[in-house]
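Data block below; observations after.
The values are calculated or read from the model by the stated rules, or taken from the named source; none is laboratory data. Note that this is a predicted model, so its numbers are computed, not measured. Positions of Cβ are backbone-derived with ideal geometry, glycine not excepted, and every protein chain shown enters the neighbour counts.
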Amino acid sequence: MDDSGIATPTRIIVFDTTLRDGEQSPGAALNVDEKLEIARVLEAMGVDVIEAGFPISSPGDFVAVQRLSQEIRSCIICGLTRARKGDIESAAEALKGAARPRIHTGLGVSDVHILHKLRTTYERALEMGVEAVRYARQFVDDVQYYTEDAGRARPEYLYRVLAAVIDAGATVVNIPDTTGYTSPEEFGALIRGIVENVPNIDRAVISVHCHNDLGMATANTLAAVRNGARQVEVTVNGIGERAGNASLEEVIMALKTRRDHFGVDVAIDTTRLYPISRLVSNLTGITVQPNKAIIGSNAFAHSSGIHQDGVLKERTTYEIIDPKDVGVPDSAIILSARSGRHGLRHRLEELGYTLDEGQFEKVYRRFLEVADKKKTVETRDLEAIVSDEVEVFFKETFHLDHVQVSCGDHSIPTATVQITGPDGTVHCDADHGTGPVDAVYRAINRVIGEPNELIEFSIEAITEGVDAVGRVTIRIRAHEPVNGAVRTIFSGHAADNDIVVACARAYMFALNKLIAARTDVTKA
């Protein structure tokens, strides 16, 4: 990419919107520190553009864009706006200090958007778009214009809008399939039509932003690349509004694996795909389905005897991607309680974790707890431990010291908890419930007293066997919005050999996250 941010003909620009569109998944809200942690990995991967948020939408989003602008130096940092002066001014202010700032503005172009959402005329909508681009260019040199719902727009009108905003100074034009409506053939033809019918299209990069409502987001994105798109907008794990977005890992690996077919390059360190997938999953509380392409737990698993035989003889018989190329760990060192600090640190470094001494000691203590209960500690166990002990980007107000339950088919499930409060006071309380987990949550509520509703609860075995580490992911809904914003849903996760203990820790994680957001507007 040259200094202007424009790609060479065979170079695809990777635009990651995990922190903006991905965060719009219900319950996936991230605080500023969590966004910054993800952004650092995206930067290390070689992502070209990070859409950091929608600055005018909330104080938290404004601060997130501001922090990323200050701390992420090798990526373009992008702020989303509507085609309104106030939005554009807010984005420009948040982007101050960015090495390479971009304002992303735009309007709908389909009949339903213009007539029913905007309630205006086609000509007025075009004028508003031109005015927005011109105004944004007063603050930054790099302006991206989105033509919302382009997949359902009249092509001739879309061509006119694109020509006008490029003349006004847009450097990138975004063609979104906002509702996931189109098929690959249709979307590819739409991009080809833009290349052939917009006279000044050579002055801007064509970007595509595809949603997955009909399961075709990745296919539509790839069809667009085949027909002239040179920027792809993606999210880690494909998270996003409704059914989600085109998946970063799927699009990148398709382009790299089938370079012979697509004829383009992407400068991404693919060995970081698996680690960032797990990071985003842990921080958002959105689990990755086992059969998810590229990074699902079954993506490189072979259960069929025929397949196993083929892979053992020659990996490429049933694997078109080497697992190591996407960062899927292949454990060479077996860890046990006797491995010691050196062995553990070596394995963590192999997995890409760089921990300071304080973080390492917390992980080591948890590792010993797990190793005392299991013969060997596997890679997935370690990932769960690190997630619990290190990937916490908020202040813990209440700490769970102990949990004890009593239950059975002829007894009332009862739980006792000991919790240390913010002032160091130790609280001990008990309650009963319909089951051990319900009893634990009721006991915790008696101590903390933060009104909420448990809306999602899931348990999965991290590894196999009766001694498996179990991972619990939950979501709770606050009874009222936090800091006056719309955010009400908070996720929590935890892992432990004792599933009831994991349930208690996950609930405490979510409650502490809620309390932290309530007390600090920058984490809302």
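Condition test on Arg119, is it more than 22 Å from Lys85 (Cβ to Cβ) and either surrounded by fewer than 17 Cβ atoms within 10 Å (Cβ to Cβ) or in contact (Cβ under 8 Å) with a residue 40 or more places away in the chain (or both)? So Arg119 fails the test. Does the stretch 64-72 include one or more residues that are more than 29 Å from Ala510 (Cβ to Cβ) and either in contact with a Gly (Cβ under 9 Å, 6 or more places away or on another chain) or in the same structural domain as Leu279 (by TED's automatic domain parsing) (or both)? Taking every residue of the stretch 64-72 in turn, at least one turns out to be more than 29 Å from Ala510 (Cβ to Cβ) and either in contact with a Gly (Cβ under 9 Å, 6 or more places away or on another chain) or in the same structural domain as Leu279 (by TED's automatic domain parsing) (or both).
For the stretch 115-146, the set of residues classified as in a strand (DSSP E or B) and either of a type in the set (Lys, Arg) or out of contact with any Pro (no Cβ under 7 Å at 6 or more places or on another chain) (or both) consists of Val143, Gln144, Tyr145, listed by residue number. Determine if the stretch 444-457 includes at least one residue that is among the small types (Gly, Ala, Ser) and at negative phi. Scanning the stretch 444-457, I find no residue that is among the small types (Gly, Ala, Ser) and at negative phi, so the answer is no.
Condition check for Arg102 on (1) assigned to a helix (DSSP H, G or I); (2) charged (D, E, K, R); (3) at pLDDT 95 or above; (4) closer than 19 Å to Val234 by Cβ: one failure, at (1). Scanning the stretch 420-459 for residues that are in a strand (DSSP E or B), loosely packed, with under 14 Cβ neighbours inside 10 Å and either of a type in the set (Asp, Glu) or modelled with pLDDT of 95 or more (or both) yields a total of 3.
Every residue, every condition in (1) under 19 Å from Val251 (Cα atoms); (2) at pLDDT below 95; (3) surrounded by 20 or more Cβ atoms within 10 Å (Cβ to Cβ); (4) within 28 Å of the chain's Cα centre (by Cα), yes or no:
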position	(1), (2), (3), (4)
Ala153	no, no, yes, no
Thr171	no, no, yes, yes
Glu196	no, no, no, no
Asn200	no, no, no, no
Asn212	yes, no, yes, yes
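Whenever a residue of the stretch 86-98 is farther than 18 Å from Glu71 by Cβ, its partners that are buried (at least 24 other Cβ atoms within 10 Å of the Cβ) and at pLDDT 95 or above, lying with C-beta atoms within less than 6 angstrom and at least six residues away or across chains, give the pairs Asp87/Thr81; Ile88/Thr81; Ile88/Ala136; Ser90/Pro55.
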